[in-house]
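What follows draws every value from the coordinates through simple rules; no lab data is involved. Quick caveat, the model's predicted, so the values are computed rather than measured. All Cβ positions, glycine included, derive from the backbone under ideal geometry; neighbour counts span all protein chains shown.
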Amino acid sequence: MSKEQIQNWYDIAEAALGLSDEDSGEMIAKALRSNDPVHQYWGAQGALIRGSQGYEDYKNLLKSLAVKPTDMPFGKIVASEIIGRYGTSEEWQTISEPLASYANMKKHGIFTAMMAMNALDHVPAARQNDVVEILKKAPTEADGLPGRMRNYVPRLLGDFLGSK
């Protein structure tokens, strides 16, 4: 990892947060098109920060990212949250099941599961009902977790499912 790469990540994060002097809109679009998972994450965060206007401005890029195969799904999860919040019912149906599947901490790890649960928590309640059956099957235990973290995902799942 070079200093140049780290600076590039920093520049994209600044653009996402609206702190850049450069054209942040173009930087966000470029980040969403990137194959770099850090760029994807900050591009999606930039769209999320902009709310419904961010969805409108980057709709096609967000939809592409939400279905893009990846080993590091953090940008994909944020893109899916934006679609869940502001997209059409048809768009939500396309990404809701894959998003909910990331709540499986045995398969995807605790941090991915926590991020997926956070994203689902911010989707309108009517759409949350579409993923209840998937989340009911999510494991509530995983090997190798530090004691303090063992209850994070089970608590999030319990809170989410208890409100349904």
I'd like the FRET efficiency for Leu17 and Met72, computed as 1/(1 + (r/R0)^6) with the beta carbon distance as r and R0 of 25 Å, rounded to 0.05.
0.75
Round to the nearest 0.05 the FRET efficiency obtained for Thr94 and Asp159 when R0 = 22 Å and r is the Cβ-Cβ distance.
0.25
To the nearest 20 debye, what is the magnitude of the charge dipole of the range 32-150 about its Cα centre, counting +1 on the Cβ of each Lys and Arg and -1 on the Cβ of each Asp and Glu?
180
Let me know the shape class of the range 102-162, please: from the alpha-carbon gyration tensor, a ≥ b ≥ c as square roots of the eigenvalues, rounded when a/c is under 1.5, otherwise prolate if a/b is greater than b/c, or oblate.
prolate
Between Lys106 and Arg148, what length in nm is gained on full extension when 0.36 nm per residue of separation is reduced by their alpha carbon distance?
13.5 nm
Charge sum, other residues only, whose C-beta stays under 14 Å from Glu14's C-beta, Lys/Arg counted +1 and Asp/Glu -1:
-4
Modelling each spin label as a point 7 Å along the Cα-to-Cβ direction, I'd like the Ser64/Ser2 distance in nm, to one decimal.
2.5
Which one of Met115, Asn151, Asn104 is farthest out on the positive end of the charge dipole of the range 96-164, using unit charges on Cβ (Lys, Arg +1; Asp, Glu -1) and the Cα centre as origin?
Asn151
